[in-house]
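The values are calculated or read from the model by the stated rules, or taken from the named source; none is laboratory data. Please read these numbers as outputs of a predicted model, since none were measured by experiment. Every residue, glycine among them, receives a Cβ derived from its backbone with ideal geometry; neighbour counts consider all protein chains shown.
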Amino acid sequence: MRVFYVIFSKELRSFFSSPLAYVVIGLFGLLNAWLFVSIVTVMSMSVTPRSLVYNLFDSGWFWMGFCFLFPVLTMRLFAEEQKMGTLETLLTAPVRTIQVVMAKYFATVTVYLAALVPVFLLFLLFRGVTGQAEAFHGGALFGAAVGLILIGMANIALGVLCSAMTSNQIIAAMVCFAVIMLHYFLGFFQYFGGMPGSLMTAGLGYVSNVDHMRSFSEGLIDSRPFIYYLSFTALLLAMTHHVLEFRRWRV
Amino acid sequence: MIHVENLTKRYAGKTAIDRVTFDVGRGEIVGFLGPNGAGKSTTLKILTCYLSATAGSAKIAGHDIFTDSVRARQHIGYMPENVPLYTDMRVAEYLNFRARLKGLRGRDATLGAEEAMETTGLSGVSSKMIASLSKGYRQRVGLADALVNKPDLLILDEPTNGLDPNQIRQVRELIKQLGDRHTILISTHILSEVEVTCGRVIIINHGHIKASDTPQNLIRRLGAAGKTVIEVKTAPNLVLEELEKMPGVESASHVMSRGDWTVVEIATEPNIDLREALHELMIDRKWPLRELTRRTASLEDAFVGLTKSLDEERAESH
Ligand SMILES: Nc1ncnc2c1ncn2[C@@H]1O[C@H](COP(=O)(O)OP(=O)(O)O)[C@@H](O)[C@H]1O
Ligand SMILES: [Mg+2]
């Protein structure tokens, strides 16, 4: 636990001592502020059955920015250490590889949470300023937060794995982005020709980030997405551990 | 302190080290010497648990490096080749981080970092960014990192690589000082380095351990003879005749003549100093003498002898 904390705080410091974290948090916040204003404008002009929370997190613009977040936050983590050779000093210290993986992972999760804060502040600010309680209810906001955290945890684990597989940050970022986009579009395939209620459609629905996010934004917190995202996260982190330990295997 | 048995490492079909076996005792300063590509870094990376071996075993302070790797690493301060560092950190901050990573807590970590900076002469640059340091200072940061938690064993991979002669001298001095408190294994491809700092030398070439002995013994064992040069005012045949009779002389050869002066090179048995006897001979014969120089065989001669004989063996076996 001590080793975890030492690496965790070092990683956090290095996130916030470079402009990267600020740029990411700032751009993501700006994108969402703009989206928020646009959606509020549209909603004030026409009647919509959906809440403000649902509309924001169901917007294609939101997902665009969201998908960019992960490669940018994770590409550095291991790729840079491998390129600079510092992975050698790090892993020859008396530390367990799993501690290193977890510390870097949770440091990134922390930065990700910091990037979500401004978005949720928008909603609270809106409610405080306009007093429009009907635009959304608290449960929806809470559900959306849970959903974003779960999806983010899995995506960060994916980015960590990509970064561990190469010493080139750009390649790590591109592979991570490609897989996230693939995953995103996979969720839409259920609407193309599949028989409603078939196993295939159900399967595609189960992996769909957008579908899960819709239920979360309606305040529905189900155990299935928890199992899905958390087991995915665990699998990806275990794979990262194996990639890093591979050098130590006797082959 | 280090016990290595039949360590073998193959990279995708290429054997980097082959059945390497050696021991390093507590308190020793051992030089790990070999030309580029000999397998030094590979061996050290395995010892520090960064790489696995294909076969064989090794122990650090009694802990198996494969089954008890974290405990083995607690005893090692390692400085890899080319000294990788986090360039976006400040010197003191980096050393403090490394100290805590190696298990020192709070105040102990701060003190450990300060002491390491003092030992390596970094106190003046403690708040500088590592990115802004010169190569010599980065080397010192690497060294300070290796000794920040006062480990029993220092493993240094080519610590003077890429430094200028002045910096090389400083780093060597430092290593000698550290020898009082630590066991040191230091790899290098520069001969003079081990000759001045190390009590024992392990020579590796093409992944094979070729010799392991004190520098003096290596020189003697390889029979690299000493040489004495004289310049004397007499005829070559006269002086050669006298020298052949002299005990301790293996051979004497006429190098050249400069007018009346004759230059002769005398090969002696190792560790025999003929200078006094030569001086007496010249006085006895009343031959004026204007040069008398003895050159002891260096490790360089021994090393060239060793690596050459191994290459010849290889050539024959093919
Ligand atoms: N990662 C690697 N993959 C393949 N071959 C390697 C690798 N690292 C080193 N080698 C080879 O192993 C041999 C020993 O290398 P090394 O241990 O670095 O030598 P030294 O440190 O003595 O210069 C060299 O022939 C080198 O080409
Ligand atoms: Mg090397």
Open item on the list: Within the stretch A:101-110, does at least one residue satisfy the condition of being in a helix (DSSP H, G or I), without any contact (Cβ under 8 Å) to a residue 40 or more places away in the chain and closer than 20 Å to A:Ala173 by Cα?
Closed with: no
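For every residue, the table says whether it meets (1) of a type in the set (Phe, Trp, Tyr); (2) within 9 Å of another protein chain (Cβ to nearest Cβ); (3) in contact (Cβ under 8 Å) with a residue 24 or more places away in the chain.
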{"residue": "B:Ser69", "(1), (2), (3)": "no, yes, no"}
{"residue": "B:Gly77", "(1), (2), (3)": "no, no, yes"}
{"residue": "B:Pro80", "(1), (2), (3)": "no, yes, yes"}
{"residue": "B:Arg90", "(1), (2), (3)": "no, no, yes"}
{"residue": "B:Leu95", "(1), (2), (3)": "no, no, yes"}
{"residue": "B:Ala99", "(1), (2), (3)": "no, no, yes"}
TODO: Look at the stretch B:6-37 and say how many of its residues are in a strand (DSSP E or B), away from ligand 2 (no atom under 14 Å from the Cβ), among the aliphatic types (A, V, I, L, M) and within 14 Å of chain A (Cβ to nearest Cβ).
DONE: 1
TODO: Identify all residues within the stretch A:3-58 that are more than 14 Å from every other protein chain (Cβ to nearest Cβ) and outside any helix (DSSP H, G or I); write none if there are none.
DONE: A:Ser46, A:Val47, A:Thr48, A:Pro49, A:Arg50, A:Ser51, A:Asp58
Task: Check on B:Ala113, at the interface with another protein chain (Cβ under 10 Å from one of its Cβ atoms), more than 26 Å from the chain's Cα centre (by Cα) and small (Gly, Ala, Ser) - done: no
Task: Residue check for B:Lys128: more than 9 Å from every other protein chain (Cβ to nearest Cβ), out of contact with any Lys or Arg (no Cβ under 8 Å at 6 or more places or on another chain) and surrounded by fewer than 23 Cβ atoms within 10 Å (Cβ to Cβ) - done: no
Task: Residues of the stretch B:126-157 satisfying the condition of being part of a helix (DSSP H, G or I) and among the aliphatic types (A, V, I, L, M) - done: B:Ile130, B:Ala131, B:Val141, B:Leu143, B:Ala144, B:Ala146
- [ ] Take the residues in the stretch B:42-55 that are facing chain A (nearest Cβ under 10 Å) and over 15 Å from B:Arg73 (Cα atoms), then tell me which one is surrounded by the fewest Cβ atoms within 10 Å (Cβ to Cβ).
- [x] B:Ala55
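A quick yes/no check of all residues on (1) in the same structural domain as B:Asp180 (by TED's automatic domain parsing); (2) within 11 Å of ligand 1 (Cβ to nearest atom); (3) within 18 Å of the chain's Cα centre (by Cα); (4) not hydroxyl-bearing (Ser, Thr, Tyr):
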site: B:Val24; (1), (2), (3), (4): yes, no, yes, yes
site: B:Val30; (1), (2), (3), (4): yes, no, yes, yes
site: B:Ala38; (1), (2), (3), (4): yes, yes, yes, yes
site: B:Ser41; (1), (2), (3), (4): yes, yes, yes, no
Open item on the list: So, in the stretch B:165-189, exactly how many residues are outside any helix (DSSP H, G or I) and away from ligand 1 (no atom under 15 Å from the Cβ)?
Closed with: 6
Task: Unmet criterion (only one of (1) within 14 Å of chain B (Cβ to nearest Cβ); (2) more than 25 Å from A:Ala178 (Cβ to Cβ); (3) within 15 Å of the chain's Cα centre (by Cα)) for A:Ala107 - done: (2)
Task: Options B:Tyr78, B:Tyr50, B:Tyr11, B:Tyr86: the member that is away from ligand 1 (no atom under 16 Å from the Cβ) and either among the aromatic types (Phe, Trp, Tyr) or not assigned by TED's automatic domain parsing to the domain that holds B:Arg181 (or both) - done: B:Tyr86
Task: Which listed residue, of B:Gly136, B:Gly112, is free of Cβ contacts under 8 Å to residues at least 40 places away in the same chain and surrounded by 21 or more Cβ atoms within 10 Å (Cβ to Cβ) - done: B:Gly112
